[in-house]
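Asks: The structure is given below, and queries will be raised subsequently.
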Amino acid sequence: MSVPRSLLLVRHGQSTWNDEGRWQGQADPPLSPLGEEQAAEAARRLGAGFGFGAVASSDLVRARRTASIIALALGLGPVLVEPGVKEYDVGRWCGLTKAEIEQGWPGMIAQWAGGALPSTPGGEPRTAFGERVVAGLRRLAAASVTGPLLVVTHSGVVRTLERLLGVEHVWIGNLSGRWCTVGDGGVLSLGEGVVLLDPEHRTASPSR
């Protein structure tokens, strides 16, 4: 790769399980009605001078649907699907609310969030997840398109990159994220955070 490739990593729109406060991981619930509206609102903002060459997404339906709505509005397509940037597999916590997880595994959410656990119960190891995400982003950066890429992904992906690269966390709600650069040799760096929704359309982000 002769020049760095810029990627805007954004979280998908609200899913039905986001709305219910359930941890998703690699489960595949669809966007909620609000999630569909959020994707359309984000598309209007992204149409103002960003100059994207393509839209990519993970292979989970909440990300693919968000990406499809945006790509159609921006006149870009087809969506590039990259399984490497799908969400962390949360194992036995999948489908549970925070209260249910706390009841079954007291204190473990805080331990997981603080980096004290190598995985959630039955979940994907942190190290494997990080390696998968980095490899997926490098593949996207090498795509034969001109200009920056919009990558619709998941909060866990952005959080993991922040941890791996030693940068301060930014708030990651639905249709929020941050810029990423993939340079020579596949070296990754993170840029500023981005929020694509008006305050009244933003949703809290406790469940993955």
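The values are calculated or read from the model by the stated rules, or taken from the named source; none is laboratory data. Source: prediction; values computed, not measured. Every residue, glycine as well, gets a Cβ built from its backbone with ideal geometry; the counts of neighbours run over all protein chains shown.
Asks: Could you tell me how many of the residues in the range 164-187 are closer than 17 Å to Ala56 by Cβ and either charged (D, E, K, R) or surrounded by fewer than 18 Cβ atoms within 10 Å (Cβ to Cβ) (or both)?
Replies: So the answer is 4.
Asks: If Ala67 satisfies all but one of (1) assigned to a helix (DSSP H, G or I); (2) surrounded by fewer than 22 Cβ atoms within 10 Å (Cβ to Cβ); (3) of a type in the set (A, V, I, L, M), what's the number of the condition it fails?
Replies: With (1) assigned to a helix (DSSP H, G or I); (2) surrounded by fewer than 22 Cβ atoms within 10 Å (Cβ to Cβ); (3) of a type in the set (A, V, I, L, M) applied to Ala67, the lone miss is (2).
Asks: Could you please let me know if Leu197 is modelled with pLDDT of 95 or more and surrounded by 13 or more Cβ atoms within 10 Å (Cβ to Cβ)? Break it down into steps so the answer makes sense when it comes.
Replies: Working: modelled with pLDDT of 95 or more: no; surrounded by 13 or more Cβ atoms within 10 Å (Cβ to Cβ): yes.
Judged against the criteria, Leu197 is not a match.
Asks: Select from the range 59-109 the residues that are polar (S, T, N, Q), under 27 Å from Leu137 (Cβ atoms) and touching a residue at least 40 places away in the same chain (Cβ under 8 Å) and list them in ascending order. Don't jump to the end; show me each part of the working.
Replies: Taking the range 59-109 first, the residues polar (S, T, N, Q) are 66, 68, 97, 103.
From what's left, under 27 Å from Leu137 (Cβ atoms): 66, 68.
Hit for the range 59-109 is Thr66, nothing else.
Asks: Which one of these is among the polar types (S, T, N, Q), more than 21 Å from Thr16 (Cβ to Cβ) and at pLDDT below 95: Ser205, Ser189, Ser144?
Replies: Numbers: Ser205 fails: more than 21 Å from Thr16 (Cβ to Cβ); Ser189 fails: at pLDDT below 95.
The match here is Ser144.
Asks: Identify, by number, the condition in (1) assigned to a helix (DSSP H, G or I); (2) in contact with a Phe, Trp or Tyr (Cβ under 7 Å, 6 or more places away or on another chain) that Gly191 doesn't meet.
Replies: (1)
Asks: Within the range 1-45, work out how many residues are part of a loop (DSSP other than H, G, I, E, B), within 16 Å of the chain's Cα centre (by Cα) and without any contact (Cβ under 8 Å) to a residue 40 or more places away in the chain.
Replies: Qualifying residue count, the range 1-45: 3.
Asks: When you go through Thr181, Thr146 one by one, which is the residue that is of a type outside the set (Lys, Arg), over 22 Å from Arg44 (Cβ atoms) and within 16 Å of the chain's Cα centre (by Cα)? Outline the logic, then answer.
Replies: On the way: Thr146 fails: within 16 Å of the chain's Cα centre (by Cα).
Exactly one of Thr181, Thr146 is of a type outside the set (Lys, Arg), over 22 Å from Arg44 (Cβ atoms) and within 16 Å of the chain's Cα centre (by Cα), namely Thr181.
Asks: Please enumerate the residues belonging to the range 168-186 that are modelled with pLDDT of 95 or more and over 15 Å from Gly156 (Cβ atoms).
Replies: Residues satisfying the conditions are Leu175, Trp179, Thr181, Val182.
Asks: Take the residues of the range 36-52 that are among the small types (Gly, Ala, Ser) and more than 21 Å from Pro83 (Cβ to Cβ): which is surrounded by the most Cβ atoms within 10 Å (Cβ to Cβ)? Let's see the steps before the verdict.
Replies: If we filter the range 36-52 for residues that are among the small types (Gly, Ala, Ser), which is where we start, we get 39-40, 42-43, 47-49, 51.
Retained after the next criterion (residues that are more than 21 Å from Pro83 (Cβ to Cβ)): 40, 42-43, 47-49, 51.
Values: Ala40: 15, Ala42: 26, Ala43: 20, Gly47: 13, Ala48: 6, Gly49: 5, Gly51: 8.
If we take residues in the range 36-52 being among the small types (Gly, Ala, Ser) and more than 21 Å from Pro83 (Cβ to Cβ), then Ala42 is surrounded by the most Cβ atoms within 10 Å (Cβ to Cβ).
Asks: Given (1) part of a loop (DSSP other than H, G, I, E, B); (2) of a type in the set (D, E, K, R); (3) surrounded by fewer than 16 Cβ atoms within 10 Å (Cβ to Cβ); (4) modelled with pLDDT of 95 or more, where does Glu87 come up short, assuming only one miss?
Replies: Unmet condition: (3).
Asks: Among the listed residues Leu161, Leu150, Leu140, Leu117, identify the single one that is more than 17 Å from Asp59 (Cα to Cα), touching a residue at least 40 places away in the same chain (Cβ under 8 Å) and surrounded by 13 or more Cβ atoms within 10 Å (Cβ to Cβ).
Replies: Values: Leu150 fails: more than 17 Å from Asp59 (Cα to Cα); Leu140 fails: more than 17 Å from Asp59 (Cα to Cα); Leu117 fails: touching a residue at least 40 places away in the same chain (Cβ under 8 Å).
So the residue among Leu161, Leu150, Leu140, Leu117 that is more than 17 Å from Asp59 (Cα to Cα), touching a residue at least 40 places away in the same chain (Cβ under 8 Å) and surrounded by 13 or more Cβ atoms within 10 Å (Cβ to Cβ) is Leu161.
Asks: Further question: Out of the residues in the range 1-35 meeting the condition of being more than 30 Å from Pro125 (Cα to Cα) and at pLDDT 95 or above, tell me which one is surrounded by the most Cβ atoms within 10 Å (Cβ to Cβ).
Replies: Filtering the range 1-35 for residues that are more than 30 Å from Pro125 (Cα to Cα) and at pLDDT 95 or above, the one surrounded by the most Cβ atoms within 10 Å (Cβ to Cβ) comes out as Leu34.
Asks: Being within 28 Å of Gly122 (Cα to Cα) and at pLDDT 95 or above is the requirement here; does Ala40 meet it?
Replies: Details: within 28 Å of Gly122 (Cα to Cα): no; at pLDDT 95 or above: yes.
When the stated conditions are applied, Ala40 does not pass them.
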